[in-house]
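Structure, as structure tokens:
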Amino acid sequence: MTLEEQIRLAARRMDAAGVYFGHGTDNAIDEACWLASAALGLPPDFDSEAFARILTTEEQARIESLLTQRIETRQPLAYLLGRGWLAGLEFEVSPDVLVPRSPIAELILDGFEPWLAANDLKRAVDVGTGSGCLAIALASHWPGVEVDALDISDAALELARRNVARHGLESRVRCRHSDLLADAGDAVYDLILANPPYVPTASMAGLPTEFLHEPSLGLEAGADGLDLVRRLLVQAPRHLSGHGILVCEVGEAAEALDALLADHVDLVWLEFAHGGDGVFLLDRQAVEVAARALASP
């Protein structure tokens, strides 16, 4: 059997089993390619010529073993492998953190103009850093930027520190314990990135099984999915520079946030070339307006 035949077979089996894709891939073929490349020790973006490779019995068995685990346990593939990818970088992952997948990575690669000029981006913070993937991606692709990576989970911070060391960024990425921005002290940032929990409590039970392997601390966010976003917006003004911006992912809570702030501020909803939605942007002035509105009784 060739690698291509094995990949197509794996994809058909995952589709037939009702496997959910959304933790690094969005379809069965891409998931099968990632799975097979990991089992064979190939890079995830292996050359297309490899599809014609004839697999040995032992190689087929390795793919089969990993495929069976994926189907039977419904764990995201990143957890089975102990690693995931974002913005072209590899990260250690575990069930202590969400699997890296935020569309914010596209902004990191493409830049934040016209909202924030490149030469104005000196200091940034990643709120709810998890594995540290966004903070590390930002520091990797923007060599002049210093980044604070904040999280309330000690287990997540331990893993994030290992990822920072893995990428040799200890001098520019600091992992710190904080409940959102509550423990950020007097720090002021040109860029606040946040991918906080935003799944409404009522939606948790309806999530595909793969999500239930992720920490609920990183997913669930109250009746409307905005419990943490409200607090973040109230905290943000004192930590944002005059030219700074806040970029935050709220996923399915986007409609609720729009309704909540409709009479106060126009949220800039970002569009992404490679998929993803529910990410808004506010400049310093708009953040102040939103914070006043949310702080009012």
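The values are calculated or read from the model by the stated rules, or taken from the named source; none is laboratory data. These figures come from a predicted structure and were not determined experimentally. All Cβ positions, glycine included, derive from the backbone under ideal geometry; neighbour counts span all protein chains shown.
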Hey, Pro95 under 17 Å from the mean Cα position of the chain (by Cα) and not assigned by TED's automatic domain parsing to the domain that holds Ala165 or not
no
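Would you point out which residue out of Gly144, Gly225 is assigned by TED's automatic domain parsing to the domain that holds Leu281 and surrounded by 20 or more Cβ atoms within 10 Å (Cβ to Cβ)?
Gly225
For segment 195-251, which positions are among the charged types (D, E, K, R) and either out of contact with any helix residue (DSSP H, G or I) (no Cβ under 7 Å at 6 or more places or on another chain) or more than 20 Å from Pro103 (Cα to Cα) (or both)?
First pass over segment 195-251, keeping only residues among the charged types (D, E, K, R): 210, 214, 220, 224, 227, 230-231, 238, 249.
Of everything in segment 195-251, those that are among the charged types (D, E, K, R) and either out of contact with any helix residue (DSSP H, G or I) (no Cβ under 7 Å at 6 or more places or on another chain) or more than 20 Å from Pro103 (Cα to Cα) (or both) turn out to be Glu210, Glu214, Asp224, Asp227, Arg230, Arg231, Arg238.
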Are any of the residues in segment 54-66 assigned to a helix (DSSP H, G or I), touching a residue at least 12 places away in the same chain (Cβ under 8 Å) and basic (Lys, Arg)?
yes
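Tell me which residues, restricted to segment 62-72, are surrounded by 12 or more Cβ atoms within 10 Å (Cβ to Cβ) and not basic (Lys, Arg). Let's see the steps before the verdict.
Initial filter on segment 62-72 (surrounded by 12 or more Cβ atoms within 10 Å (Cβ to Cβ)): 62-64, 66-67, 69-71.
Residues satisfying the conditions are Ile63, Glu64, Leu66, Leu67, Gln69, Ile71.
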Anything in segment 258-297 that is touching a helix residue (DSSP H, G or I) at 6+ places or on another chain (Cβ under 8 Å), of a type in the set (A, V, I, L, M, F, W, C), loosely packed, with under 15 Cβ neighbours inside 10 Å and over 20 Å from Ile108 (Cβ atoms)? List them, or say none.
Ala295
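From the list Leu134, Leu169, which one is under 18 Å from Ala194 (Cα atoms) and modelled with pLDDT of 95 or more? Let's see the steps before the verdict.
Values: Leu169 fails: under 18 Å from Ala194 (Cα atoms).
After applying the criteria, what remains is Leu134.
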Over segment 173-199, the set of residues in a loop (DSSP other than H, G, I, E, B) and crowded, with 20+ Cβ neighbours inside 10 Å is Ser178, Leu180, Leu181, Ala184, Asn195, Pro196, Pro197, Tyr198
Scanning segment 217-266 for residues that are within 21 Å of the chain's Cα centre (by Cα) and assigned to a loop (DSSP other than H, G, I, E, B), which turns out farthest from Leu116 (Cα to Cα)?
Gly222
Name the pairs whose Cβ atoms lie under 9 Å apart, with the first residue in segment 106-125 and assigned by TED's automatic domain parsing to the domain that holds Pro237 and of a type in the set (S, T, N, Q), the second exposed (fewer than 14 other Cβ atoms within 10 Å of the Cβ) and not in a helix (DSSP H, G or I), and 6 or more positions between them or separate chains?
Asn119/Gly144
Looking at segment 59-71, is at least one residue closer than 20 Å to Glu90 by Cβ and in contact with an Asp or Glu (Cβ under 9 Å, 6 or more places away or on another chain)?
yes
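Restricting to segment 6-20, give me the number of residues that are free of Cβ contacts under 8 Å to residues at least 24 places away in the same chain, loosely packed, with under 15 Cβ neighbours inside 10 Å and part of a helix (DSSP H, G or I).
First, pick out the residues of segment 6-20 that are free of Cβ contacts under 8 Å to residues at least 24 places away in the same chain: 9, 11-12, 15-16, 18.
Add one more test, that the residue is loosely packed, with under 15 Cβ neighbours inside 10 Å, and what stays is 12, 16, 18.
Those left that are additionally part of a helix (DSSP H, G or I): 12, 16.
Qualifying residue count for the region: 2.
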Of the residues in segment 50-91, how many are of a type in the set (A, V, I, L, M, F, W, C), within 26 Å of Leu169 (Cα to Cα) and in contact with a Gly (Cβ under 7 Å, 6 or more places away or on another chain)?
3
